[in-house]
Amino acid sequence: MSVQTMNHWERIRATLKGEEVDRPAASFWCHYFDRENTAEKLAASMLDHQKKYDWDFMKVQARSTYIMEAFGLEVFYEDSGKHGVTKRPCVTAEDLARLTVPDVNAGPLGETIEAAKMINEGLKGEVPLMWSIYSPAVIASRLMPSEEDFLHCLYEHPEKAQHAMDVVGETLIKLSQELVKAGVNAFFYGTNSWATKDVLSVDDYRKHIAAHDLRVLNALPEAGSEFTLLHVCRNNCMVKDLANYPVQILNWDARGEGNPSLSEVREVAGGRTVMGGVNYDRRLVDATPRQAKAEVNALITAMGKKNFIVGGGCSFQRATPEVTMLAVRQALDE
């Protein structure tokens, strides 16, 4: 029996409940580095992206440093898209201990709230609007010269590293409250380079970092967010170990080295929705539209439509031909 055609909200809500849907939900995202350095440019790039591909939710690709900048990270962005870090505010453990919660309505955080308002106005409530935030460990570590420096502090100066993550966590909670007021409906929560066994054991992650994740994740629905996507990045990732986090969607690179498959995570997800499976890196850039469409069709056949969202394991590359991404989108309707 066929299901009546759904709009984006109906499809996402039914998917997250494990109900029948008219077609598989899907979303992909990409950085437009030349359009991320102002609220106006970011909003325009995201609305253009959604108009072109019509995904079931919009994951906003704000510049990845925007939260770190509120703590003093200095960056440069050029119109060409070239960008980078020019200064990191924390060199020692003592610097971490001096961190305080910034004003979330000012500076780069205020800018991102303004972008959210513009995007929300452009979407007219028709598409779930998802904003990217990151684990306090991610943000605190990137304030230092290297992630190895933060790892050293985590073990040798734990009280100072924990203070930094406490401050970042409080900032994220305050920021999420303001973003929801601005029209954000959902959050992307990234663990980036930390929830991987290449950096920490699962036991050490749970000991040093997990409490900060849970503090933020539990605050998101209290702020008014409808759902959260947990993105567990890198190879040898801990997605199965974090599958009981209070989130609705689990996303990782199911093709990455040492990573579990979509079906393996589904078995331990407790009814949560799994998302991913499509090549998103150079393999997608080099694929023909026909190959990309066939990959999506095979994935849908294997996973079905319930509690599954078609997507990549991370951002697809800007070099991916538009015709290829349109073929991916077309496959959903066939």
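We did not get these values from a lab; they are worked out from the coordinates using the rules stated. Given the structure is predicted, the values throughout are model-derived calculations rather than measurements. Note that each Cβ is placed from the backbone with ideal geometry, even for glycine, and that neighbours are counted across all protein chains shown.
Would you mind checking the pairs K59/K293; K59/K197; K17/K82 and listing those with alpha carbons more than 30 angstrom apart? Write out the running numbers ahead of the final one.
Values: K59/K293 22 Å; K59/K197 27 Å; K17/K82 42 Å.
From K59/K293; K59/K197; K17/K82, over 30 Å: K17/K82.
Over region 176-325, what relative contact order in percent results from Cα pairs under 8 Å that are six or more residues apart?
Numbers: 237 pairs, mean separation 30.4, N = 150.
It rounds to 20 percent for region 176-325.
Backbone phi angles across region 263-271, fed through the Karplus curve with coefficients 6.51, -1.76 and 1.60 (θ = phi - 60°), yield HN-Hα couplings of 5, 5, 6, 4, 5, 10, 7, x, x Hz in residue order; Gly and Pro are listed as x. Placing +1 on each Lys and Arg Cβ and -1 on each Asp and Glu Cβ, with no other charges, gives the chain a dipole about its Cα centre of roughly 700 debye.
Give, rounded to the nearest 20 debye, the magnitude of the charge dipole that region 27-105 has about its Cα centre when Lys and Arg contribute +1 at Cβ and Asp and Glu contribute -1 at Cβ.
On the way: 10 positive and 13 negative charges, 26 e Å.
My answer is approximately 120 debye.
Take the Cα of A211, step 7 Å toward its Cβ, do the same at Y155, and the gap between the two points is 2.0 nm.
Placing R0 at 25 angstrom, the Cβ-Cβ distance between V285 and K52 gives a FRET efficiency of 0.90 after rounding to 0.05.
In this structure the amide hydrogen of G190, modeled in the peptide plane, comes within under 5 Å of the amide hydrogens of I133, Y134, S135, H231, none closer than 5 places in sequence on its chain. Select from L250, M238, I300 the residue farthest towards the positive end of the dipole of region 232-301; place +1 on Cβ of Lys and Arg, -1 on Cβ of Asp and Glu, and compute about the Cα centre. After comparing all options, I get I300.
The relative contact order of the chain comes to 19 percent, based on Cα pairs under 8 Å that sit 6 or more residues apart. Report the residues of region 155-183 in range of a label on T100: point 7 Å along Cα→C-beta, backbone N strictly under 16 Å from it. Counting backbone N atoms under 16 Å from the label point, the list is 164, 167-168, 170-171. Within the set of other residues whose C-beta is less than 15 Å from the C-beta of D281, count the net charge using Lys and Arg as +1 and Asp and Glu as -1. Its environment carries a net charge of +1.
Summing -39500 (n - 2.57) over the DSSP H runs of n ≥ 4 in the chain and dividing by its residue number, what mean residue ellipticity at 222 nm do you reach, to the nearest 500 deg cm²/dmol?
Values: 14 runs with 150 residues, N = 334.
When only DSSP H runs of four or more count, the value is -13500 deg cm²/dmol.
Go through L99, G270, M46 and say which Cα lies farthest out towards the positive end of the charge dipole of the chain; charges sit on Cβ, +1 for Lys and Arg, -1 for Asp and Glu. Projecting each Cα onto the dipole axis, the largest value belongs to G270.
Any idea what the dipole of region 52-145 comes to, in debye rounded to 20, about its Cα centre with Lys/Arg Cβ at +1 and Asp/Glu Cβ at -1? Could the numbers behind the result be given before it?
Working: 10 positive and 13 negative charges, 47 e Å.
For this selection, approximately 220 debye.
Which entry in (i) 29, 59, 12, 0; (ii) 32, 61, 8, 0; (iii) 28, 48, 21, 3 matches P(r) over Cα pairs in 20 Å bins from 0, in percent derived from the coordinates of this structure? Among (i) 29, 59, 12, 0; (ii) 32, 61, 8, 0; (iii) 28, 48, 21, 3, the one calculated here is (ii).
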